[in-house]
Structure formats: C-alpha cells, structure tokens
1. Per DSSP H run of at least 4 residues, take -39500 (n - 2.57); add these up for the chain, divide by its residues and hand me the 222 nm value, nearest 500 deg cm²/dmol.
2. Here are some pairs, 107/167; 240/353; 278/450; 278/304; 246/403; 175/450; which of them have Cα atoms lying more than 22 Å apart in this structure?
3. Work out the length of the dipole vector of the chain about its Cα centre, built from +1 on the beta-carbon of each Lys and Arg and -1 on the beta-carbon of each Asp and Glu, and round it to the nearest 20 debye.
4. Tell me which residues come under 5 Å, amide H to amide H, from residue 200 once H is placed; ignore anything under 5 positions away on its chain.
5. Apply the a/c threshold of 1.5 to the C-alpha gyration tensor of the stretch 117-228 and tell me whether it is rounded, prolate or oblate.
6. Tell me, 422, 31, 99 in order of fewest to most beta-carbon neighbours within 10 Å?
7. If I stretch the segment between residue 379 and residue 274 completely, what's the gain in nm (0.36 nm per residue apart, minus their alpha carbon distance), one decimal?
8. Name the residues whose placed amide hydrogens come within less than 5 Å of the amide hydrogen of residue 275, ignoring near sequence neighbours (fewer than 5 apart) on the same chain.
Amino acid sequence: MASVRCVEAGMEYSSPNGFTVPGTGATNIPVQANYIRNLIEGADLVMSHILHFYHLAALDYINTDSSMLSGVAPWGNGKDNTSDMVSNPTADVLVGHYVQALNIRRKAHEFAAHMSGKQPCQPCFTPGGVTNAVITTTLTGNLMTLLGDNTSLAASNSGTNIRSFIKYVYIPDVKTVAAAFSSQLLYTGTETDAGSGCARYLAYGSFPDSSGVPYLSSGFLDATAANTGSWAVSAFDQSKITESVKYSKYDDSCEGLHPSAGSTQPSPNKSGAYSWIKAPRYNGHSAEVGPLARVLVNAWSAVKGNTGTQDWLNAVVNFLGSVGLNTNHIPYLRSVLGRHAARAIECDVIADKMVHWIDALQTTSVTGETYRHREIPRTGSGYGLTEAPRGALGHWITIEGKKIANYQCVVPTTWNARPRDVNEEVGPIEKALEGIQLPNDTESASARVKVGRIVRSFDPCIACAVHIVYPDKNKVVKFELPTLPSK
C-alpha cells in the first residue's frame, strides 16, 4: 500500500501526509476504492497477528513434550522446552488453538481474496484506486459471514468466524500466557529480561476514512521518562527521518540522508560495520515501530485528550482491566508481553472496525467507481505511508522524464533491527536485549528461548529489511519455467 500511495503522490493525486485523499475530484481516489483498500489491509493485519502469536511465537511458551505433540517432530523434540513453559492441561488447549488458528488465517485470506482476486500478494491495488468491479450485496454478505456480524459473536462460533475467534480464543490465550510469564516478561520498571526496548514509539497511521483521516493515528511518543506525567505524543513529521550508516555496510556518503534523497551504495568490507540494515532515526533517535507503537501512540494520545483515538484507549483499558490492571499500568506494556497484548488489542479493534467499512461499501456501491486515471507526469516526487502489520512502512519516489529517478523504502524491520548509529545509539531490538541474564550455558535451551522470546516479540523480517543482488549480473536469481502443454 505504501508503494501505491507513493506513486500516487508522484503522479500528483492529492496526497498530503502520505495518504491519498478519497473523494470525487480529479486528484482523489474513489471513496469506494479507499474502503476496499482498508478491508484488504485489515484482513491482512488480522491474519498476520494471528499467524505471529500462534505459529511464530506461541511455541516459545508451550512445553510441547508435555502436550499432544510429544514425540512429534519438529515440535516435540525434547530440545527447546524449558521448565518455565506452560504444561498440560493448558498446553493441549493452546496446541488445539494453534491448529484452529490455521483455519482462521485461511478465512482472513478468503475474506480479502473476495475483493483482491487472491491472497497473499494481492494484485488489485493500483495508483488511482483498485482494479475491482462494483461491490454487490451478495459479496458483502459473504464478507460479513467470514468476519462475523454482531449477532454471531459467541465462543461457539470461534471456529466459524474471525471476530469470534479473536474475542473468545486469541485474546484469552494471550492473557493465559501473560499470567504465566508476567513476572519475567512484563515491564514494571526494574526487570532486565522484559525486553522493554528503546521506549520511543513511532506510528505513521493507517486506514484513512472517507476524508483521508487515518483511523489509526500517526504520532511519536517518547516514553523514556520514569514519570508518565512527562510523556507526550507529538505530531509525526516525515522530514525528521534520517538514516545513519556508520555501522551499516554502506558507503559513508549515505550517512544522515532523508529517504527522499537516500542513497544505497554497498561497502561490504567497511571497517566496523556489522549489519546490512541501515539505522533510521526519528528526530535524531531510534524508535520502535509496530503494534505496540501504534497502540501506545493512539491510547496515550487519548489519555492526553485526543477524542479521535478514544477507541484505542478504551480497548487498552478493557484489556488491562480484565487482568486486574488499569490505566496507570499502561507503561507495563513496554515489554515482550506488551507487544503480544498490543497485537491482540489491535486485531480486535480493527476487526470490529471492518464491520463499519463493509457497511460503508454498501452505501457507496451505487457509484460503481473504484479507479480514477491520471497520466504519469514528466517530473514529480512524493512519498506514501502505511502501517504494515509489523509497523511503519514508508516509500519515497522521484520521477524524471516519466521514469523513476530515485526510489527508497524504510521498512518496519529497518527501524526495529537497525544497528548502532553515528551517535552510538542502539536500535530497539539491540536495546531490548541489553542486560538480560543468560544462564552460564549460553547454548542451552533456556538461553535460546529467552533471547528468542524477546526478538520474536518484534516480529522481525530481515528479508524485508535487506535485499541482495549480484551487481555484476544485476539480478537476484534466475527462474526457468517448463513449457506448458498446449490445450
């Protein structure tokens, strides 16, 4: 989505603040296209958060050798289980939900594919709107069946619709894990193993409404102070983003540039460099992005009086209240468990909001307009923003002679997995690992699991942050496809 908005900005669609404004004008995208984009992105976010908790992170907390997976490779291998993990009978319940989550992920993909044509890697987003035809009443009915309307929300329906699974399985499972590990992985101010990170949070915002205002608001929260009274959410300003390369394997000429003027000149043998990831900074500092950043920025903004983000504060307070905490405990979320809780909270809020977007599709479908054409300009520039499930994603473009002259991306894992910068400041993941207490046997299962829990809570994707090409061949890999038989 960021790439599409970026190109739209370069093509002179109305794109203030990185979001293309829907409307009826020649420089707007159609309102219906905006809702379709929101629904597809929403389904992808829901699917991704469920995937992360159950299929990427949950086994860090379950003793599979005490569950139905005992002896079943690769899960019940006897190698990566530790004494603090959840055992039976709870382990079997969580393993059952692990399997159930596969079906719910399929439903989320099916939901989006009704509009995109296929999921994942949907092909329907295009500068100017989407490639979909008119949304019909039958289609919106199918979408609501998969998502779950308000009359079908029940624990008994957790295997049949997405919202019931989130409310009656996913959120309770996160609470189960939180209850078992709160003494280790919830930050109350002194824990060294909680993975609290850099305590600065950045959100670009996403899911714009019919006026182009994001439902997930943008902002920057500096939560480094012990006294929450000094916490404040400041307005996001993309001009404050720069990228440092002192410890990255890129030429020093790339140091300190804004992405719009960014340069990527490899220097593989650079002295002192230890990462192929650049070190993005916001206003000169590292910042965590992702579900925790989005939830904290929006909830704390409401604490400070922003009524536009009240839904997020309500969701956080409801979650904390259900585990015996309150608004005063929001700082506890700066932790491994806080990141898992934030995903569950966000998953629930966005899935509920998708009901509204389906209703909005029905009221706008009479126009049938999902795309508005504009010619590629001879020159242009711009940027596009979104919130990928992993975090803030931005693309910047310069057009010259109707061709792309420069294009730069800063992806979520670039923010979270960045190395030290020119001021020796570490990134969020490195900061989260500082000071953790490892057993004497650093190769033990306990050490591997402890580090894994912290790193995986960020949901890093190094393949997103670094792409390798062979400069002498200018290609990544060659694919040879067999000749298809004639019909």
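1. Using -39500 (n - 2.57) per qualifying helix, the result is -11000 deg cm²/dmol.
2. Table pairs above 22 Å Cα-Cα are 240/353; 278/450; 278/304; 246/403.
3. That gives a dipole near 800 debye.
4. Close amide H contacts, sequence-distant or interchain: 223, 288.
5. oblate
6. Result, fewest neighbours first: 99, 422, 31.
7. Between residue 379 and residue 274, full extension yields 34.1 nm more.
8. The list, which skips near neighbours in sequence, is 249.
Taken together, the values in this text are just the output of simple stated rules run on the coordinates, not laboratory data. Nothing here was measured: the structure is a model prediction, and the numbers come from that model. Every residue, glycine among them, receives a Cβ derived from its backbone with ideal geometry; neighbour counts consider all protein chains shown.
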